[in-house]
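Everything on this sheet refers to the single structure shown next.
The values are calculated or read from the model by the stated rules, or taken from the named source; none is laboratory data. If you're wondering where the values come from, they're calculated on a predicted model, not measured in any experiment. Surface accessibility is based on the protein's heavy atoms, side chains included, excluding ligands, DNA and RNA. Shrake-Rupley method; radii C 1.70, N 1.55, O 1.52, S 1.80 Å.
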Amino acid sequence: MAVKLKPLADQVIVITGASSGIGLATARKAAKAGAAVVLAARNGEALRAICEDINVQGGRAHAVVADVGAPEDVDKIARAAIARFGHFDTWVNDAGVGLYGELADTTAEDHERLFRTNYFGVVNGSLEAVKHFRENHRAGAVINVGSALSDVAAPLMGAYSASKHAVKGFTNALRLEVLREQIPVSVTLIKPSSVSTPFADHARNMMDQPASVPPPRYAPEVVADAILHAAVHPIRDIAVGSGARPMAIGSAAAPILVDRMMARMMPPMTRRRGDKPTRDSLHAHGVDGMTESEHLKGRRFSVYTEVQKRPGLTLGLGALAVVGIAAFLGRDGLSKNARPMLAKAARPLLMRAAMQRPAAAARLVARHPGRAARLAAALR
């Protein structure tokens, strides 16, 4: 069923992990757009300062100190949002922690704590949000922040990669259940590439050097824009930044080759020069209040991300490319030489557009069944 989401200015948005990085950038942008924001994190002092700053600037913000790994704390977030604003329209599961080190050196306690936040935090928040929308017969959005490492794994970030794979699997399964029950809820997975947040500074680091994230890096505001787009426009997933996309595509096409490349190339790119932080945020909150790391700077725009927000444009560009090359080569040349190549190039563009906007794709097929059949035959 079609899900109609409110404009940002009319929404109440819950954001976990809102005391730094992507969550903080999203909170500020949402409040600036007129949304009321309920901000949750473990660091109460930082949260209260952030909310005070937003409120002084004319926004509406409410702080809730909570550990998303605890179901009772997530219930407290929902109750606080309802008590303060009467309801909520979008729930953003952004809270996350990091760990750099070999899997063999990762203790069971650290592994469990990372999953308690990164995976069960998403589970707890998502189920709480869906329950609210179902019981109150409200349309809404659940937005889960995964990672480019939802699709591939990285050495020295094995536990983190595993948690983000789990987030992707859970989000996809939740979407299917929502569709089956016909609940008016949009479920979106956001998959950022490397982002210049304080993530690496806050992560538990068992390496002998300070941690980093590989280039190209994107500013947290680019991810925040993608999250807020999903809060208004139902969309299945958005990959932020194209940095890790070649690895994901390559892993599907040539997994053994990409495994060897990742094993060799990634470890040096996950380190930087300088002094290691003396404190991490795995088991307790760190030093919060910053969206961007003082050691890293990120790109402020991603063409790849913007194209995904406009699947109709993607479909149009793919069709124009096919038509243009066909005209250049001529009908005979196209059928003999270029059709397989064009079909291979166009297939992912058209499939992605159809997945992101299934209702629009169905309407196009209904209006032009002959053209749809010919296109399907060409893409086989």
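Candidate cross-link partners of LYS276 among the aspartates and glutamates, defined by an alpha-carbon separation under 16 Å and a same-chain spacing of 8 or more, comprise ASP201, ASP208, GLU294.
Of the beta bridges in segment 8-309, as assigned by DSSP with both residues counted there, near 5 percent are antiparallel.
Overall, the accessible surface of segment 80-141 at a probe of 1.4 angstrom is composed of carbon and sulfur to the extent of 51 percent. In the context of the full set of protein chains, segment 8-309 has a per residue accessible area of 41 Å² (1.4 Å probe). Under a cut-off of 12 Å between alpha-carbon atoms, report the aspartates and glutamates in cross-link reach of LYS168, not counting same-chain residues fewer than 8 places apart. List returned: ASP151, ASP237.
Is segment 216-285 rounded, prolate or oblate when judged by the Cα gyration tensor, a ≥ b ≥ c being the square roots of its eigenvalues, rounded requiring a/c under 1.5 and prolate requiring a/b larger than b/c? Note, shape of segment 216-285 comes out oblate.
Among the listed pairs LYS32/LYS191; LYS32/LYS131; LYS4/LYS309; LYS6/LYS76, which have their C-alpha atoms separated by more than 26 angstrom in this model? Violating the 26 Å Cα-Cα cut-off are LYS32/LYS131.
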